[in-house]
1. Any idea which of (1) under 11 Å from Leu196 (Cβ atoms); (2) touching a residue at least 40 places away in the same chain (Cβ under 8 Å); (3) part of a helix (DSSP H, G or I) is the one Glu100 doesn't satisfy?
2. Any idea which of (1) over 20 Å from Glu178 (Cβ atoms); (2) assigned to a helix (DSSP H, G or I) is the one Asp81 doesn't satisfy?
3. I'd like to verify a number: residues in the stretch 103-113 that are among the small types (Gly, Ala, Ser) and assigned to a helix (DSSP H, G or I), how many?
4. Residue by residue through the stretch 489-531, note down the ones that are under 52 Å from the mean Cα position of the chain (by Cα), part of a loop (DSSP other than H, G, I, E, B) and not aliphatic (A, V, I, L, M).
5. Given the options Val294, Val303, name the one that is within 19 Å of Ala46 (Cα to Cα), touching a Gly at 6+ places or on another chain (Cβ under 9 Å) and of a type outside the set (Lys, Arg).
6. Consider the stretch 124-154. How many of its residues are without any contact (Cβ under 8 Å) to a residue 40 or more places away in the chain and among the polar types (S, T, N, Q)?
7. Considering only residues that are out of contact with any Phe, Trp or Tyr (no Cβ under 8 Å at 6 or more places or on another chain) and of a type in the set (D, E, K, R), which ones fall in the stretch 29-65?
8. If you check Arg410, Arg377, which single one turns out to be farther than 30 Å from His358 by Cα, modelled with pLDDT of 65 or more and either loosely packed, with under 12 Cβ neighbours inside 10 Å or not hydrophobic (A, V, I, L, M, F, W, C) (or both)?
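The values are calculated or read from the model by the stated rules, or taken from the named source; none is laboratory data. Please read all numbers here as calculations on a predicted model, not as lab measurements. Positions of Cβ are generated from backbone atoms using ideal geometry, with glycine treated the same way; all protein chains shown enter the neighbour counts.
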Amino acid sequence: MSGEDTRTTVKRVVRPSFPLMLYLLVAILLAMAPVVCLLSFVDSAAVRQELEENTVESRSQTESGITLSMNLVDTGLKLFDNTLNHEMREGFDPFIAEYERAGGDPGKMNLSRIKEELGGRMDLYIINEGGVIEYTTYPPDLGCDFKEIPSFYDRITEIRLGDAFSADRVVAEISTGELRKYAYLPSPDHHYLFELGLAESEFQRYRAALKYRDMVRELVDLNPDITEIRIFDCLGTRITGEAHPDDDRRLAMVGEAYRERATLEVENATAGELTRYLFIDMTDSNYASDMSLVVELTYNTKVAETKLAGILDQHTSVLLIAILCIGCLSALAAHHLTRPIRTLVEDVDAVAHGDLSHPIRVDGDEEFVHLAESVWRVVASLKETMRKLRESEEENIRYSHVLEEQVRERTADLEESNRMATLYLDIMGHDINNANNVASLYADLLLADLEGEPEAELLLRKAKMGLTKSMEIVRNVNTIQHIQGGARHLEPIDLDLLIRREIERSSITGIAYAGTTVAVLADDLLSEVFANLLGNAGKFGGPAVEIAVRVEERGDEVLVSVEDTGPGVPDAIKPRLFDRLVRGTQAVAGTGLGLYICRMLIERYGGKIWADDRIPGRPECGTAIRFMLRKAEEGGGP
């Protein structure tokens, strides 16, 4: 179609249109949507970070206040405990005097009398070098081993080896939990450590005025995230707080926090809880007992998550409204921008469905008019191309029909030639074998008549060898023809029967064979493998050769070996020994087809064949031809 026709077909409708600048402004408006999303995301991330930082700061201030309060309480308790030091120091005077009276033997000391002398308010303890309470007026603590508390044992050992009086704090007694004020003094010979334990009913009343929980309660109330607080001493004993079903796990965390002397935390996202184990170091080198505490604080993380979820909901609402507004504007702008394109798409779609005469309509700017004209030119070119393709297709169809007819004729000719060639081979093989058999028979008769004439007998034997070789060639050719022309049909073959039959047929005597009960998948041509291998072993092995046939079962396969004591096969020849027309190096080398036929048959049965040394590493000691066959199943099928 000419350019004039194209311009006539294209309908150009010129209507007032908005300037391109307006379209650019709309595009800028559409570009604001990702900016709004980005700003909303950044703002929500900032709010989330601020909320997390506030939560962490609130926890830090609460825990710092708890640590300060605990130290204040401990300072008050320490002042009270020190008021009893003088009384405890005087109590050691009769203790030391009784030890000296007993001659340094604690077993001879009258500890009950000393306790009465001290007013019955103090119990006496004698701790040996191993940290065990060996003697005491307080039976529940007898035998108590302080080595179980390594830090405390190290401290009392240091006191025992020194010379000074050492007062301890008012602490809970290990056996009963009763509050006691303890003090220590080494024996004069430093073999023992004397201990006094003052038990007063007023201890509990004095300490009730300074309670750890009451001191931290106000700080905890200021942090709404805390749901529970519990306090544990250095031995893991709960001072305040309620018991929990999983206290074994919690006490393990308390012990770990105390050992590491650090704050640990465990989060339970499912329950919305964060448990922090706050270690408060209140050790004092002046006292043997460690007054350090571990405070278990349980925080409710759902409060912060709820706040964050509310903020995210607000941001999501604002974002959705903004996206909705931008979407409306984008829809209006896109509708106006794409109207000419939609019209052009409809016309091109009609052309694509085969209506190549459909006009290309244009309603819009100059650019769209040029685009429509270009499309119509493409359509015209497409028409011409399709016409040429149809002509070319018709020509190809005609040529294809002619070619198919020629292929059928050539195929029929080849099949007829193949049938004739097969017929000729069968006739030739039959006639040649008959002629060879007759010639061989006459040769045997002549050999019988020529006894005593060495030269004539030698020549006749050579002629007979030629006849034998000719018969072998015909047999090999017939076997190859059968392999290549016949369909593969495998069936179970009694391997033992086949091997024994081929040994009987062989002219070689003394072949060693132990027998087998296995059946393999093969056909009647398997006998050719053994005939060729046994014939080769006798031919190349010499008159004194020894031949052995071995059968080994290996799972689903059977390994068959035909071994001889002949001159062997060099390693250089072994890889190509089974190729077609490859012959040995001996003077009696054959036609080169026997082993090739063996390989074809074994591969036909799904196995493999190779040449090996009868004695590994010594090829001069004889050859072993080995091949693998598939074992037949018990039912007799393949």
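1. Every condition holds for Glu100 apart from (1).
2. (1)
3. 2
4. Matches in the stretch 489-531: His489, Gly515, Thr516, Thr517, Asp523, Asp524.
5. Val303
6. Summing the residues that are without any contact (Cβ under 8 Å) to a residue 40 or more places away in the chain and among the polar types (S, T, N, Q) in the stretch 124-154 gives 2.
7. Of everything in the stretch 29-65, those that are out of contact with any Phe, Trp or Tyr (no Cβ under 8 Å at 6 or more places or on another chain) and of a type in the set (D, E, K, R) turn out to be Asp43, Arg48, Glu50, Glu52, Glu53, Glu57, Glu63.
8. Arg410
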